[in-house]
Every structure is written in C-alpha cells, then in structure tokens.
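Participant: Would you mind keeping the following structure in view while I ask a few things?
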Amino acid sequence: MTALLDAPLGTPSLSRRKLPWWGLIVTAVAAVLVTVLLFTLTPIYGRVIFVLVAAAIYVVAQTVVSVSVEGWRHAKNRLMTSLLIVAVILALLPLAGVLGYTIAKGLARFDGTFFTHSMRAVAESDPNGGAYQAIIGTLEQVGIATVISVPFGIMVAVYLVEYSSGRLGKVVSFFVDVMTGLPSIVAGLFILALWVLLLHQGNSGFAGSLALTILMLPTVVRSCEEMLKLVPVALREASYALGVAKWITVVRIVLPTALPGIITGVMLAVARVMGETAPVLLTVFGNPAINDNPFKGPQASLPLFVYNEVGQSFDNAVNRAWTGALALIIIVLLLNLIARTVARFARVRG
Amino acid sequence: MPTRPPGGRTIRPPGGHRWFTTTKESDIATTGRPPAPVGAPEDDDQYRGSTSLLTARKSRGGDTMFRWTAKGAGILVLVLMAAVAAFLIIKAVPAVANDKANFFTTFQWDPQGSGKFGIAALAFGTLLASVIALIIGVPVAVGVALYISQYAPRAIARPLAYVVDLLAAVPSVVFGLWGAIYLSPNLIPLSTFLSKYFGWFPLFASTNETYGKSILVASVVLAVMLLPIVAAISREVFVQTPTEHIEGALALGATKWETIQTAVLPYGRSGVVSAVVLGFGRAVGETIAVALVLSSTYGISWRILDPGGNTIAANIANRWGDANDSISQGALIASGLVLFAITLLVNFGARYIVRRGTKEAKA
Amino acid sequence: MKIKRHGAAVLGLAAAGTLLLAACGTDNNATPPAASSSGASSASAAPSAIKCPTGSVNLTLAGSTAQANAISLWAKNYETQCSGVNINNGLGGSGAGVTQFESGTVDWAGSDFPLSATDQPKADARCKTGPAIDLPLVPGPIAVGYNLPGVTSLNLSATTLANIFDGKIKKWNDPAIAKDNPGTTLPATGIQTFHRSDSSGTSFNFTNYLANEAKTAWTFGANKQWPAPGGQGDKGSALVSQDVKKTAGGIGYFELSYATQQQIPYAKVSNAAGQFVELTQQNTTNFIGKAAVAGTGNDLKLNFDYTNSDADAYPNVLVTYEIVCSAGNEASKLEALKDFLSYAASTEGQNAIVSQGYVPLPEIVRTKVVSAIDALS
C-alpha cells in the first residue's frame, strides 16, 4: 500500500526528492566516527556522554543532509522521527541497565536452596540460607491486600459509575485521586500507629496487608471505573428492558463484561505494591523463620528481605539480596503474564 | 465486538474525542494499563454508565441494599482518607508546636538536640528533584508514547509497550541501589562536563570537584521510575486520537510530524497533563530509592551537581529509625503532612488544568 | 458464565500454587555447605553454654544494625541446638528498636547507646515490675577506612581526622597529614569523605571520639545524625564502605567487618596522648576494659575513658547494648531469653563473634553482664 503511494505518481518533477535509506546509515556511521574522534582528541570521557554526543551529532547531521536534499518540512519530520527513536533508546537503556545489573548480581545465589530454605539458623556470613519465608510472606500479604481491596475497590467504582450523582461522588472521586499520590511510607506509618500500636495488634503479615491495601485501593478503583465506563450502555438497557433489577444488571451483566479489563488492572496494581519496601518495613517486622500464618506474629517479606540483606557486610548476604530482587522481578513478571493471558481468554469468550 | 482496523486503532464515533474528560486523573498510570478499548464502538460518552435513557424497574430490597453498599464503600474511602489526615495532624501538631524554630523557614532537622527543625530545605529538595526528574523524564516518556502509538508497526509496538511497562515492575530498592552503586559513578563524567562547559548556568555551577550523590543522580533515577507511568497514560490518550483527524491531516499533505502536531498532540494535551501529575506524585512520594541515592543535607542549593540535597520522604526513611520520642516522630509526621498537602495541591491544579482544557476542547 | 469459570479457575490455580509452595519450604538449614567463614565452623562443636528451654518460644528483638552479624551468628548456633526456639531480629535502627521495646512489640532491643533520661521512665513502665537495664554485649571497633593507591599504612590523629571530615583539609598531601606520617609519600589526590546519611550509632560513636579526642578541632559534638557540612552521605555502612572502596582519595568510617570483607585498609588513630594506636582485637578490648560503669545496680551502661593514654588501647569503638527488663519479663519467654543472652555473654559466645568483626567483652565487664542476666526475672 505504502509502496504504491511512495512510487512517483505524476511527472518526475512533481515527486519530491527523497533521501535514500543508505544515506541515513552513512550519516549514522559518520556521526559515530566523529564522536570517537572527538573523544580521542579532547579530554571529554564517559560512556553516558558518548551515547549522548553520538546521538546529538547524528540527529544534527541528518537534519542538515535532509534539509539540503528534501527541504525543511521533511527535514523537520525526519528530525522529530529521530528524536522519538532517541527517546525510545533512552527509555530502554536504563531498563537494560537495571535488569542487567540485577540479573548479573542475582545469578550467584539463584539455586534450589534459595527458593526452598528459610533464613532460620543461618548466620549472615553463611553462604546458604534462602528467601522461602519471604516469598511466602509477600505472596500472602499481597494476596490478602488483593482480597480486601478488590471487592472494596470494585464497589467504590460501581458507586462512582452507576450510582453517584452529585457532590458526594465528586468528592469521593477527588480523594481517590489524592490517595493515588499518598507516599507509601505514610501508609506504613498510619497502619503502624493505628493497628500495631493503638489497637495493640502487634506486627503481622496482616498489618502489612492493610498498609498495602491503602496503596492498592485507589489504583483498583480507578482502573475498574474506567472499565465500567466502557461497558456499552446498550447492554444495560437490554437488561432493564427485560425487567431485571439494576443491581442484578450490575452484578450479572456489567461486571462480567468489564471483567477482563478489571483483571488486568488488578494484577498490575498487585505488581506495583509487591515491590513496596517502606510500608512493610514498618508493619510486618520480618522473620528469618517460616511463618505461614499472616494473622499471628511477625512475618517476612521479600522487599524487606532484600533491603535488610543488602546492607550487610558479608558478600554472602549481599548475594542473597540480589537474588531476592531478581526473584521479586520474576514473580511480578509471572503475574503480569498470567494477568494478560487470563484477560485475553476472558475477552475471547466474553 | 469492537471494530479494529489493522492499525490497532479503534474507530470511534464523532464526539468520541471527549474521551479524556472521563479519564482525567485516571490512574491507568499507576496500573501502567489503560482502559483498553474493550467496549463496543457505540460507547459514546453521553450514553455511558448510569446516564441511560432507560431506567431500571423500581425495585425491591436487593437493589436498595446494593446501592447502599456501593455508597458505603465510597463513604468508607472518605473515612479512610479522613483517618489518615487526622492521624497525621494529631501526631504532627504537638511536635510543630514544640518546634524551637519556625517550621516553615528553618534549614535544619534536629528535633532531639536543639529542638529546631524545619521543612524548608526538605520541601525545596523534594520539588527540585521532582521537577528535574519531570524535565528529564517527560519528554522521553511522551516521545516513547508517540513512537509506540503513531510510528511503530503493531509487531514492535506491543512488545515495546510491554517492555516499558516492565520498568514499573522493578522494586524501588533495586532502583536505589542501581542509582547509588552504578549510576552515580557513571554520571561523574557528565557532571564534570556540565560544570566545566556550562558552569555559568546556576544549576550546573559547582563548588568543588566531587560529583557523586547529587540531586542530578536522584532526578535521573526518579525520571526512570516515572517514565513507565507517563508513557503508559500518554500512549493510551494518543491511541484514542480520532482516526479521521489523522487521516484528514494526512490527506491535506501534512508530513507525519505535522499530523502529530496538528491532530495528535492537541487531542492528547489534557491526558498528558494528567500523566505528568501522576508521575510527579510518584516522584515526590518516592522513599527508599531516593534515600539510597541522596547525600542528605539540610540546605537550599540550586547546584544539582554538588553532593547534597534531601527530600521529605527520604528524610523520613533516614530518620525514622532513630526517632524515639513523640517530638522527633511527630516532626517527621509533620513533614509527611506537608508532602500530603503538596500532593493535594498538585491534584487540585491538575483538575483545574484538565477542566480548562476540556472547556477549550468543547469550545 | 464461561468467564466466571475462568475466574474460579484462576483463583483455584493461585490457591493450589500457594499450597504447593507452602509444602516445599523448610526451616532446616542444619547442614551448611562447606563454609569458608570460621563462623560456620564454630557451629559444628555444640556450644556447651546452651541449655535449651522446654517448648517452643519465639524471641523478638529490634534495633541496632551494628550488631546484626553477631546476633545472626548467635541465633544460628542457638537455634541449631534448640529446635523449639526462633530468634527474630527486626533491625530498623537503635531508636526504632527502643521505641518498639517501649511499646512492648519486642522482647528486647539492641541499641548503640544506653537508654536516655527521657526513654528510661517509658522503658521502665513497659517492664512494670522492674527497671529496664542496659547490658553491653556486642563491642566492636570502628574502622577509619581509606582508599589511597600506594599507601598501605596511615596514621591519622584525631585533630587531623576532625579537619578532614569537616572539610578543612582538602588534599592528601596536606602538611597536617604529612606530619602524622613521617616518611610516607602522600599523593596530591583530593580527599573525598563519606559519612552516614541516616541516623546511626556508628556516626554517634565516631563523632563522640572526635569530640573527646579533638576538642578544639571538632566543634560539632557527638551526634547520631552526621553534623558536619561537606562530604557525601550514604545510607548504611555497606554503601559508605563501597564508596570508599571505589573512590580514589576516599575516606569513611564503618564497622570493622565492612573493612575486612571488602579489604579496605584502615588507619591508626590517635589516643589522648597523641600516640597512634592500631586497630586490633586486643587493643579494642583494652580500651573498653577501662570504661567506667555509669549505671546503678544491674544497669551496666558504660562511660568510655577517652583520657586513656595507653599505647595499646584503640579509642574509636562502638558498644551495642541489649536493653532488657530486669524484671517483669513474659513468663513464657523468660527461660529462653535468659538462656540465649547467657550463651551470648559466655566466653564461648563472645569468642564466636570475633570472626564477624567484633571483639570479645573485657572479662571485667563480661562477668558483670553474666550476673545481670542471671538475675533477670
């Protein structure tokens, strides 16, 4: 299609002159060469600067070439296109950096022992020990936070979309937005003061779940709200026309229709709170031994485990920390994949 | 079923451009996931949600109960927020009342010793680091969003979007350590370069030759952390640009960039504003990553290359461990309250901008 | 309907996955792989000082991160022998530990400074029937690590250190440093100082040393929060030591284990007489042995004698106290608490932590600690 359009349509004089593809490659190679030259001749150094300078020289050179061949409108188009590609590269660099760094450091202890053993009776200097108790703790805490915040969040969203009319709805909606910006450590402090200290409930996995619930709730409400809004009104009307009550319409028609989107939103909220360190630091306490019961006694948590181990002096402890971080990323990734798969299946059948 | 052209854009009915009015501060951002257009094409705004032309049959007890449950959930959110605010205020007020210096103008944090503490330097550092993070991060994020939504073929766009979302999955401790151990030394050449050749610019002036744990490093880390949020929301807004607008521009002979300038960017403006606000919220509230990266000083300095700087959230993380009386804890909670107030103001501001944008769009 | 079945399937899958996972983990780390550290080898010989309580007990403590390695090693040796006991160190910093102790969420706290006058009544109130006491249990030296390629031995007087850390001395070949190190060729490298950005007992004890030994040069006093301008702050000793390690011209202070683990050379520092004292296990113990007990009864808070001019007493030290209730401990935990602390305070326990960068308590202090632990009720 595009090939056809690009082909000269009228007389050759009318079709614009176009920069050939190899022209861009030549420009790019030249830009890198000039940068190398610049770096050898001047005292400028550093990897980050090299990338920045090379990219800048390429973009400038390409624009100059393009202006002379194609005219300024197309040159501007090319310039902006390259800038966008530069943006994509700039965004991918830190991702590659962070992931590569974590993987490189995390592989040292990426073994069976790490995923099946706790830290009970392991000295910080020992090479063994694992994060099993922390993985279980994090899964349970985030699981409970999900169980609380999803129905709660869905009801709030249902209220905002289906029932609210007037000031209360607007106020709720505004404060849900404000809640989105609540610093995670403040959520932890709040639960610490209210649940652990004032109500004397002690540190437990559940206290951590409550703090995570506060962080998850606005995210769940917002994504559900958007999904519910996208449910076609015709479906609702069809249901009403059949004499079905409004609440049954919501439960049986609206929510199932929005389900795939809701699942995706929830799973991504889960991914976000799973890596939170500050709130669990203040609420779950941590535990070197396995505690399967989130409601009683201190429990471990994976981000907390990483945070504590990475500050130790012994390499063995630091290695455990990085493997913990890698495990955390992998768990979040798996949840992401599950969410997307489930959403796709539900969408196809729905 | 939605009608999806091969390009991946949903064809929307005329009037569909009011989409952003419903997504304003949406936090697709935080979820990294947008309201995917799961709906059918006939989901025109004015027929959405409860604004149905037909109403349900007046019904029985179940309906009333359900409505009150939903309303109760909404009210519970307000109660929760009121409780958080009340907790912050109750803890903060006695401490601030006991402050031996002016809480808003003092440049030190010594609640246990001299009893003097103030938010000035912390609030300044928080805003400076976050604003620079936005300056670095937003153009990149919007660029990525434009590339994914307007340029990339579908085979590249989907994995690329997924990969950028992946950044949101990295825990903040990891970002902090990466910033402190890897990024900080690797930015030294850039800092040296900037201070040497652009030292006349106040931000890049430098008193000494040690460039390590500076506001710049913290801002770059924050920029990376807010990138997925801003990119995800902007992307979704750009994707919703009415196809006929784009096609109209192209038909008039506009280049790709001119099309973006005239059709895509104006359409997405308020969505991008919301995205930036959410990114800002993430940046000001970030705790552990900044605490690991910043050098923690209590002064106001515009020199972003010099070691130093501090933020409210990082200060809480650094000082909470040794705050063991109600004054020093209350002082930290008071700083949390200020952070809360900043978030509130920014949200107000964003709503205002978006509303104004909506009016302009309607006009 | 199909959607619902999918949702149920996902929930079922998640539940099954968690159960499956719950079945495959173990607390049993009893067979450590071939360990390189001497800490592991000491576990093989069953410590005789451990009696083991009956039943299962969970002991929790929080606070000082400086004693983390010592507690983890003791906990390992103890738990290996007593399968019913779990020891959980929540860390979090000294002040947080004391706060948690006062609010009753932990059984005892580790703190790098004794209870303050304002904390004492709150801690006593928590204990109800007896006062809370400070037991010095984990002593260790603070190393002043440096990174100067080519320089393997360095003397730094307290005054020079004070001037380096508040930014008055900027180059390594400064006359003041040269005067401390006759015969050593010092490079002209710029000095980069690293300090803790978080509140810490390490900062407190290091600044306390400077405040006492360099009274005129160090004007900032002793402070948990790093008080001097300039330099770069790092959260935690791990980052401070890493920054010194990778920065030519860098200098910083941290617990000894960070220096030995990363092979960072550390300086000899001056005592009250201006002599340079090497950081060794014996020199550190010697210095702490001269400390005066400032507390009353079984409260053993120490006042370091910074006027000590012995050439074999290293004055830059840190002692972590265990803050416990002298009476009024929870009955179900008392036996385990006493047993664990007794083991930690035994000669065996004290010698075990040398491999982790600490020093054993001087005998004169240790015997007092042991009798105080015996008297806990």
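Participant: Cα-Cα over 22 Å: which of A:K296/C:K235; B:K213/C:K170; B:K196/C:K245; A:K105/C:K245; B:K196/C:K235; B:K213/C:K168?
Facilitator: Numbers: A:K296/C:K235 32 Å; B:K213/C:K170 18 Å; B:K196/C:K245 26 Å; A:K105/C:K245 18 Å; B:K196/C:K235 29 Å; B:K213/C:K168 20 Å.
Result: A:K296/C:K235; B:K196/C:K245; B:K196/C:K235 exceed 22 Å.
Participant: Return the long-range amide H neighbours of C:K171 (sequence gap of 5 or more, or a different chain), with a cut-off of under 5 Å between placed amide H atoms.
Facilitator: Here C:I191 satisfy the definition.
Participant: Between region C:276-323 and region C:86-115, what's the alpha-carbon centroid distance in Å?
Facilitator: 23 Å
Participant: While we're looking at this one, here's another question. Given the C-alpha centroids of region A:134-194 and region C:232-265, what is the distance between them in whole angstrom?
Facilitator: Answer, in whole Å: 42.
Participant: What are the residues whose amide H is under 5 Å from the amide H of C:S377, where those residues sit 5 or more places off or on another chain and H is modelled from the backbone?
Facilitator: C:A327, C:G328, C:N329
Participant: Still on this structure, I have one more. Give me the three principal axis extents of region B:171-328 from the C-alpha atoms, as integers in angstrom, largest value leading.
Facilitator: So the three principal-axis extents are 65, 44, 26 Å.
Participant: Then there's this: Averaged over peptide C:92-98, how many Cβ atoms belonging to another chain are found within 10 Å of each residue's Cβ?
Facilitator: On the way: counts 8, 7, 3, 10, 8, 3, 3.
Going residue by residue through C:92-98 and averaging, the value is 6.
Participant: For peptide B:278-291, how many partner chain Cβ atoms fall within 10 Å of a residue's Cβ, on average? The partial results should precede the final answer.
Facilitator: On the way: counts 4, 0, 1, 6, 3, 0, 2, 9, 4, 10, 10, 1, 1, 8.
That average works out to 4.
Participant: Something else: If you take every DSSP beta bridge whose two residues both sit in chain C, what share of them, in percent to the nearest 5, is antiparallel? Intermediate results must be reported in sequence, preceding the final value.
Facilitator: Working: 23 of 40 bridges.
Just about 60 percent of them are antiparallel.
Participant: Would you mind ranking A:T27, A:T283, C:T152 so that the residue whose beta carbon has the fewest other beta carbons within 10 Å leads the list? Numbers along the way, then the final one.
Facilitator: On the way: A:T27 22, A:T283 30, C:T152 8.
Result, fewest neighbours first: C:T152, A:T27, A:T283.
Participant: Now, a different point. Peptide A:301-312: average number of partner chain Cβ atoms within 10 Å per residue? Each step should come with its number before you reach the end.
Facilitator: On the way: counts 0, 1, 5, 3, 0, 4, 9, 6, 2, 9, 9, 10.
For this peptide, the per-residue mean of nearby foreign Cβ atoms is 5.
Participant: Which ordering of A:T138, C:T247 is given by a fewest-first count of other beta-carbon atoms within 10 Å? Don't skip to the end; give the middle numbers.
Facilitator: Working: A:T138 31, C:T247 20.
By the 10 Å Cβ count, ascending, the order reads C:T247, A:T138.
Participant: Compute the Kirkwood hydrodynamic radius of the protein assembly as shown, taking the inverse of the mean of 1/r over all pairs of distinct Cα atoms, and give it in Å to one decimal. Intermediate values should be presented prior to the final figure.
Facilitator: Values: mean 1/r = 0.0321 Å⁻¹.
Here the Kirkwood hydrodynamic radius works out to 31.1 Å.
Participant: Label region A:85-227 by shape, choosing from rounded, prolate and oblate, from the square roots a ≥ b ≥ c of the eigenvalues of the Cα gyration tensor; if a/c is under 1.5 it is rounded, and otherwise prolate applies when a/b is larger than b/c, oblate when it is not. Mind dumping the intermediate values first?
Facilitator: Numbers: a/c = 2.65, a/b = 1.44, b/c = 1.84.
It is oblate, given that a/c is not under 1.5 and a/b is not larger than b/c.
Participant: Also, quick follow-up: May I ask you to evaluate 6.51 cos²θ - 1.76 cosθ + 1.60, the Karplus curve with θ = phi - 60°, for each residue of region C:199-208 and list the ³J(HN,Hα) values in order in whole Hz, giving x for glycine and proline?
Facilitator: 5, 7, x, 5, 4, 4, 6, 5, 5, 5
Participant: Shifting gears a bit: When all alpha-carbon pairs of chain A are counted, what percent fall beyond 33 Å?
Facilitator: Numbers: 32232 of 61075 pairs.
More than 33 Å apart: 53 percent of the Cα pairs in chain A.
Participant: For C:G110, which sequence-distant residues (separation of 5 or more, or a different chain) have an amide H within less than 5 Å of its own amide H, given hydrogens modelled in the peptide plane?
Facilitator: C:A62, C:G63, C:S64, C:I323
Participant: What are the ³J(HN,Hα) values, in whole Hz, obtained from phi via the Karplus relation 6.51 cos²θ - 1.76 cosθ + 1.60 with θ = phi - 60°, for each residue of region B:230-244 in sequence order, with x given for Gly and Pro?
Facilitator: My calculation for region B:230-244 gives 5, 4, 5, 5, 4, 4, 5, 5, 5, 4, 7, 3, x, 4, 5 Hz in order.
Participant: Please give the length that would be gained between B:V79 and B:R355 if that part of the chain were fully extended, namely 0.36 nm times their separation in residues minus their C-alpha to C-alpha distance (nm, one decimal). Write down the numbers at each step before the final one.
Facilitator: On the way: separation 276, 0.36 × 276 = 99.36 nm, distance 2.66 nm.
This chain segment gains 96.7 nm when fully extended.
Participant: Right, something else. What order, most packed first, do the peptides A:141-150, B:270-279, A:88-97 have when packing is the mean number of other Cβ atoms within 10 Å of each residue?
Facilitator: The peptides rank, most packed first, as B:270-279, A:141-150, A:88-97.
Participant: How do A:H117, C:H195, B:H245, A:H74 rank when sorted from fewest to most other Cβ atoms within 10 Å of their own Cβ? Display every interim value, and only then the final one.
Facilitator: Details: A:H117 22, C:H195 26, B:H245 16, A:H74 19.
Least to most surrounded, the residues fall as B:H245, A:H74, A:H117, C:H195.
Participant: Can you give the FRET efficiency for C:E363 and A:L199, using 1/(1 + (r/R0)^6), R0 = 41 Å, r = Cβ-Cβ distance, to the nearest 0.05?
Facilitator: Values: r = 47 Å, r/R0 = 1.14.
Taking R0 as 41 Å, the efficiency between C:E363 and A:L199 is 0.30.
Participant: How much length is gained on full extension from B:L252 to B:Y197, taking 0.36 nm per residue of separation minus their Cα-Cα distance?
Facilitator: Values: separation 55, 0.36 × 55 = 19.80 nm, distance 4.49 nm.
Contour length minus the Cα-Cα distance gives 15.3 nm.
Participant: Follow-up question, since we're still on this one. Once each part is reduced to its C-alpha centroid, what is the distance from region B:226-299 to region A:81-106 in angstrom?
Facilitator: If we compute the Cα centre of each part, the gap is 19 Å.
Participant: A further question follows. If the reach is capped at under 15 angstrom between alpha carbons, list the aspartates and glutamates near B:K91, excluding any in the same chain fewer than eight residues apart.
Facilitator: B:D99, B:D325
Participant: Here's a follow-up. Assign one of three labels to region C:176-271, namely rounded, prolate or oblate, based on the Cα gyration tensor with a ≥ b ≥ c the square roots of its eigenvalues; rounded applies when a/c is under 1.5, prolate when it is not and a/b is larger than b/c, and oblate otherwise. It would help to have the intermediate numbers written out before the result.
Facilitator: Details: a/c = 1.61, a/b = 1.10, b/c = 1.46.
It is oblate, given that a/c is not under 1.5 and a/b is not larger than b/c.
Read-outs: derived from the displayed coordinates by stated rules, not from any lab. This structure is a prediction, so every number in the text was calculated from the model and none was measured. FYI the Cβ positions are ideal-geometry reconstructions off the backbone, even for glycines, and counts take in every protein chain you see.
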